[in-house]
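Following: one structure in structure tokens, then a few remarks.
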Amino acid sequence: MPDLRPVVLKLEGITKRFGTLTANDAIGFALHKGEVLALLGENGAGKTTLMNILFGHYTADAGTVEVMGQALPPGQPGAALAAGVGMVHQHFTLAGNLTVTENILIGTRPLWRGGLGRAEARARIAALSRDFGLAVHPEAKVRTLSVGECQRVEILKALYRDARVLILDEPTAVLTPQETDALFATLKKAVAQGLSIIFISHKLHEVMAVSDRVIVLRHGRVAGEVATADTDRHRLAEMMVGAEVRLPAPSLARPGAALMELDAVSTPPEGTRPGLKSVSLALRAGQITGLAGVSGNGQGALADLVSGLVAPSAGRFEVAGARVERWSPRAALQAGVGRIPEDRHATGSIADFTLTENAVLEDYARPPYSRRGWMNWRAARAHAEKIIKDYDVRCPGSEARIRLLSGGNMQKLILGRALETAPRIILANQPVRGLDIGALTYVQDRLIAARDGGAAVLLISEDLDEILALSDVIHVMSEGRLSPGFPRGTKTPAELGVWMAGQGFDHAA
Amino acid sequence: MRLEPVRDASLARRLGLPLLALAVTVVVASVLARLAGADPFATLGLILKGAAGSKFALLETLNRATPLIFTGLAVAVAFRAKLWNIGAEAQLYAGALMTVLVGTQLGLPGPVAIPAMALAAILAGALVLLGPAVLKLRLGVDEVVTTLLLNFIMLLVISMLLEGPLKDPMGMGWPKSPPIPRDARLPRLIEGLRLHWGFGLALIAAVSVWLIQIRTTLGYEIRAVGLNPQAARFAGIPVNRVIVKTALLSGGLAALAGFSEVAGLKGNLTLDLSPGFGYTGIVVAMLALLHPLGVVVSAIFVAGVFVGANSMSRAADVPTYIADISVAVALLSMVLAILLTKFRVVRG
Amino acid sequence: MEILDILLSASFWAAVLRIASPLIFATMGELICERAGVLNLGIEGIMVAGAFAGWMAVYAGLGLWPGLLVALLTGMAFGALHGLLTVPFGLSQHVVGLGITMLATSSAYYAYRLSLPEVTSPPRIEPFQPVHIPGLSDLPFFGEALFSQTALTYLAFATVIAVALILYRTPLGLALRAAGENPSAVEAQGLSVTAIRIGAVMAGSGLMAMGGAFLTMSAFSSFFFEMVNGRGWICIALVVFGAWRPGKALVGALLFAGFDALQIRLQQTPLGADIPYQVFLMVPYALSILALVLMSRRAEVPAALMTPYNRGDR
């Protein structure tokens, strides 16, 4: 049955090329009044590019955007905003030094006008907060807000400008299940008031829960469009990746001795990020320990501890049965910790270094890569070429800069660098985030193989499905605290969600 | 407008844009000459002749390039590690001061005095930069401002010493130090030519820095820390120690400029020993894209511009500051040109 | 107690205001740039250019106020170049800033040599004269200490108020402060980060040039080489000392000028005669370093300072 509600936003034939890559290929769809449309796709499917075109940050090579029947001029960042389209970005666009009210007010008045009209603004913000269930203190400095509150400010920004279309880019990535529910409630209120919503996500159950209709993007094209009521998670997943999704099904683990042990370990907080609060954990040989939790709840602190960036401020910390005295990245490497960092661009590699230079980043100071301070580039190159071959890194060669590689190939080099040293302990922090399906399964298979080879693997991920599929034992983190370990198959996602919201800890403690 | 990376820049792009930057510089210089009422072509010709038109001119250029190679290397080494050493001027004077102190006060015989002066100079220059480096690492104090301010302080210290304890009693009241003995001077590089061993030393320094950068773990560490300190720290590179080592190396190199000027050219210390060699070193290093061997070429180029402009200004009535402007224009247009070899400007 | 005598003299306080004035202009200029996210190391050279341009304009027959305008425009022109290179092109703010300083300084010297080829001592102009404010200027002590300054000094103080008002009380200031903290917050609200940053650098550079012009048009009445003598670098330290706030930066400039005025006077006392004058001249630079060290722990640096912004990549 055709949707008879008026069309508020219409994209037609949007095409955008970057060099030889076609990021958007003739994408078109319409959004109706009062509708929640989910835009589903893997990383790199072209969602972000499409939004950048809609908001005038990029100019499309072809295609048109219409809001309420009016064509938007291309390449003008203010145009979509003025036409009533508001966007909540995945990375918040808030200035931490300003208050909530000030952030909402940026760009809402002519620049040269005197006075900010704070009083009226405050009243309107209060009304909007009430109407849409968006509780936030208008005079709080944004720097002091939690991520959930920041997101509410972002939504208020759009509503304050009378947005009729609200676009949310991966809005739940940073939320607890409870906050996610509150967000969905807000969206329902917005739709009831005649707003239309585009919900960008790659989380299938959320798409199923919140949307009326789903558009699936794959490799920059619309791969399918379907009413949410007429589909299910499996069919959506298939449309998204173009093939049946195979979740790894590792054989039963045979856990051995604890290779790294934390007993009531605490670490200092870093900025707004919590430190560890009296965490006890044993990473056992031949076992994948999964760490679930909403991002920013201390996973970073645990990763920093395991990788050597931070030393414990309290508690007992043992590696291979010996108490750790001096702890640093180099000490961790020497103790046999292989590390796959969360951010492969910022932490895992040096963009302007060649593959060879990146391959020896952790080992350059020891033979055969250097002797008495002199580098042996021949040995380094041989090492890089071995990783390239063994880990299937697609690249122009070992002397190419690593910035030319795709995320997946970059991750394979980092994986190879970590695994080549046959580490006893492996830290895998978000190892498959942003990878396409091929690279993703490759990395997961390698981690399972390392486990079967007797390594203790710590897997940190925000993707609960990944944790459930791969882990032999699962811990949940919340505000720096760690839950007890739950063996494979003993907890449902919903039960883990309760822990993620911080609700099991008081009983456990 | 937006910048978009260019994946495989064509040779035309990589060579053409820097050449265009040089062309812009020449055009600006021509306009300036015209403003002074001189014929642009004649002026440029005179500059070229003054810089390299005769054996004497060429040697003068090389002599002038010598301190610039040292300060250029100092800046190149530091900037590679993103240590913004704008204080090569102060380090140069620290080196010159130690050269004079060791050369005049200890009474060492020549063969011992020369290495002793050089070592003392390196030590002093390294220490002068160590302070700002430690303040940066320990307290997060921006080294740009501290190194800049130290330039002024160092010059006042020198001035104080030259009017006080270091004043040459035979100097007829001028604020200058006594000369270092003849046998403690750097010999001529080639007998009969007015070019001292400082130039040879500068070439050796350039090659050494180049080898350090590409062949040693320190060079690898410096580059890693400069390109991505976060990744370097994660990989176990001792970031702070690397920055301190870089500071010592950089300060020492700049100090050698002072050593070479005193021991090779001037023989004593005055307040006008350096007409801003430390600052010009920044231009030299940037024009060389921080490449140690490139520093030699760009130092000779910049020295040529200054020497040539000096001689031109005596012949034609164009102020010598035309050289300073041209060098600044060359710097700005070159960094822009280099950027445009890697990125293209796109609309939207 | 010589120090006490100095502190109790009205002329000392008058000198403090006089010494502070150029610093206030330039510090406000630098503060605007940095608040928008751009470190402007062109400050030293732009002050030289402003000092020359304003003075030259007056010497060439323009009035004092038109001369000041010429200085302002000169500064803005160099600011435009700085902004163009560092904002849309995102070039290193260190390198471009130092390049602008070299370019502006040598341009001023070149123009000076061109216009006055033969002179040995620079000609003088009739500078701004102290303004007599009825009532206030006649007050005992305070009249001489605070109310016998030239119009430019009062303008400097007015500038602080104007900068504070614009930063904290107008939509423009809001956008500017956001641009220095998180430029995408500005872009997402439909404003151009590029325009705001270039505008801030131009306006800030204009103020720096006025700071330079104060030297030739109010303090010394003629132009000579090296007259700015590191004042620009000191102003960068003052911005840090003032924690990027106009009011605190003003306090910093006054404190600084106080020490400077004090050391000048101490040089002439019997105590000062025993100490080499260079020690006194070092005081401003050493104080600046000290200020940076003291403030390092609790500095609220604009988060996006020195970070170029390229539209679209977040």
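The values are calculated or read from the model by the stated rules, or taken from the named source; none is laboratory data. No experiment lies behind these values; they were computed from the predicted model shown. Positions of Cβ are backbone-derived with ideal geometry, glycine not excepted, and every protein chain shown enters the neighbour counts.
The condition of being within 11 Å of another protein chain (Cβ to nearest Cβ) and surrounded by fewer than 21 Cβ atoms within 10 Å (Cβ to Cβ) holds for only one of A:Pro396, A:Pro368, that being A:Pro396. Among residues of segment C:227-247 that are more than 8 Å from every other protein chain (Cβ to nearest Cβ), those with a beta-carbon under 7 Å from a residue that is polar (S, T, N, Q) at least six positions away or on a different chain give the pairs C:Cys235/C:Thr27; C:Leu238/C:Thr27; C:Val239/C:Thr27.
Yes/no matrix, rows are residues, columns are (1) at pLDDT 95 or above; (2) in a helix (DSSP H, G or I); (3) more than 23 Å from C:Leu39 (Cα to Cα):
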| residue | (1), (2), (3) |
| --- | --- |
| B:Pro67 | yes, yes, yes |
| B:Thr71 | yes, yes, yes |
| B:Leu108 | no, no, yes |
| B:Ala126 | yes, yes, yes |
| B:Pro132 | yes, yes, no |
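Screening B:Asp317 against (1) more than 27 Å from B:Leu189 (Cβ to Cβ); (2) in contact with a Lys or Arg (Cβ under 8 Å, 6 or more places away or on another chain); (3) more than 14 Å from chain A (Cβ to nearest Cβ) leaves a single unmet condition, (2).
Check C:Ala156, C:Ala178, C:Ala185, C:Ala200 and return the single one that is within 30 Å of C:Pro88 (Cα to Cα), in contact (Cβ under 8 Å) with a residue 40 or more places away in the chain and assigned to a helix (DSSP H, G or I). Only one candidate qualifies: C:Ala200. Which members of segment A:188-233 meet the condition of being modelled with pLDDT of 90 or more, surrounded by 18 or more Cβ atoms within 10 Å (Cβ to Cβ) and among the small types (Gly, Ala, Ser)? Listed by number, the residues that qualify are A:Ala190, A:Ser196, A:Ser211. With respect to the conditions (1) surrounded by fewer than 18 Cβ atoms within 10 Å (Cβ to Cβ); (2) without any contact (Cβ under 8 Å) to a residue 12 or more places away in the chain, C:Arg113 falls short on a single one, namely (1). Taking the conditions (1) at positive phi; (2) at pLDDT 90 or above; (3) not hydroxyl-bearing (Ser, Thr, Tyr) in turn, A:Glu420 satisfies each one other than (1).
Here the condition is being more than 23 Å from C:Glu30 (Cβ to Cβ) and away from chain B (no Cβ under 11 Å); of C:Pro117, C:Pro127, it holds for C:Pro127 alone.
In segment B:308-323, the qualifying residues are those that are of a type in the set (A, V, I, L, M, F, W, C) and surrounded by 24 or more Cβ atoms within 10 Å (Cβ to Cβ), and the one that is farthest from B:Ile204 (Cα to Cα) is B:Val318.
When B:Glu191 is tested against (1) part of a helix (DSSP H, G or I); (2) surrounded by fewer than 19 Cβ atoms within 10 Å (Cβ to Cβ); (3) among the acidic types (Asp, Glu), only condition (1) is not met.
Taking segment C:35-51 as the range and being assigned to a loop (DSSP other than H, G, I, E, B) and either within 11 Å of C:Gly211 (Cβ to Cβ) or within 12 Å of chain B (Cβ to nearest Cβ) (or both) as the test, the residues that pass are C:Leu39, C:Asn40, C:Leu41, C:Gly42. Screening the candidates A:Ser349, A:Ser328 for the property of being among the small types (Gly, Ala, Ser) and surrounded by fewer than 20 Cβ atoms within 10 Å (Cβ to Cβ) yields one hit, A:Ser328. Every condition in (1) more than 30 Å from A:Val153 (Cβ to Cβ); (2) buried (at least 24 other Cβ atoms within 10 Å of the Cβ) is met by C:Phe224 except one, and the failing one is (2). Filtered by the rule that a residue be of a type in the set (Ser, Thr, Tyr) and either in a helix (DSSP H, G or I) or in contact with a Leu (Cβ under 9 Å, 6 or more places away or on another chain) (or both), segment B:203-228 gives B:Ser208, B:Thr217, B:Tyr220.
Does A:Leu4 count as surrounded by fewer than 17 Cβ atoms within 10 Å (Cβ to Cβ), not small (Gly, Ala, Ser) and not in a strand (DSSP E or B)? So A:Leu4 fits the description; yes. Among residues of segment A:92-108 being among the polar types (S, T, N, Q) and within 7 Å of another protein chain (Cβ to nearest Cβ), the one that is farthest from A:Asp169 (Cα to Cα) is A:Asn97. Of the candidates C:Leu238, C:Leu294, C:Leu262, C:Leu281, the single residue that is assigned to a helix (DSSP H, G or I) and within 17 Å of the chain's Cα centre (by Cα) is C:Leu238.
Residue count for segment B:166-188 satisfying the condition of being at pLDDT below 90 and assigned to a loop (DSSP other than H, G, I, E, B): 11.
Residues that are modelled with pLDDT under 90, over 26 Å from C:Leu39 (Cβ atoms) and within 12 Å of chain C (Cβ to nearest Cβ) do not occur anywhere in segment B:140-152.
Residue-level analysis places B:Asp8 outside the set of residues that are of a type in the set (D, E, K, R) and more than 14 Å from every other protein chain (Cβ to nearest Cβ).
Taking the criterion of being closer than 20 Å to A:Val8 by Cβ, in contact with a Ser or Thr (Cβ under 8 Å, 6 or more places away or on another chain), not basic (Lys, Arg) and not in a loop (DSSP other than H, G, I, E, B), the only residue of segment A:208-225 that qualifies is A:Val214. When A:Val65, A:Val85 are checked against the criterion of being surrounded by 23 or more Cβ atoms within 10 Å (Cβ to Cβ) and either away from chain B (no Cβ under 14 Å) or among the hydroxyl-bearing types (Ser, Thr, Tyr) (or both), a single residue qualifies: A:Val85. Within segment A:109-133, the set of residues being within 12 Å of another protein chain (Cβ to nearest Cβ) and within 15 Å of A:Val153 (Cα to Cα) comprises just one member, A:Ala121. Just one of (1) in a loop (DSSP other than H, G, I, E, B); (2) within 14 Å of chain B (Cβ to nearest Cβ); (3) at pLDDT 90 or above fails for C:Thr105. It is (1). Residues in segment A:37-58: is at least one facing another protein chain (nearest Cβ under 7 Å) and in contact (Cβ under 8 Å) with a residue 24 or more places away in the chain? Yes, the conditions are met somewhere in segment A:37-58. The set of residues in segment C:166-175 being in a helix (DSSP H, G or I) and facing chain A (nearest Cβ under 8 Å) consists of C:Arg169, C:Pro171, C:Leu172, C:Leu174, C:Ala175. Can you tell me which residue in segment A:335-346 is farthest from A:Ser307 (Cα to Cα), limited to those that are facing chain B (nearest Cβ under 9 Å) and buried (at least 24 other Cβ atoms within 10 Å of the Cβ)? It comes out as A:Pro341.
For segment C:216-232, the criterion of a residue being under 28 Å from C:Leu7 (Cα atoms), part of a helix (DSSP H, G or I) and among the aromatic types (Phe, Trp, Tyr) is satisfied by no position.
Wholly within segment A:244-293, which strands (runs of 3 or more DSSP E) include no fewer than the required count, namely at least 2 residues that are surrounded by fewer than 19 Cβ atoms within 10 Å (Cβ to Cβ), in contact (Cβ under 8 Å) with a residue 24 or more places away in the chain and assigned by TED's automatic domain parsing to the domain that holds A:Val324? So the answer is A:258-266, A:279-284.
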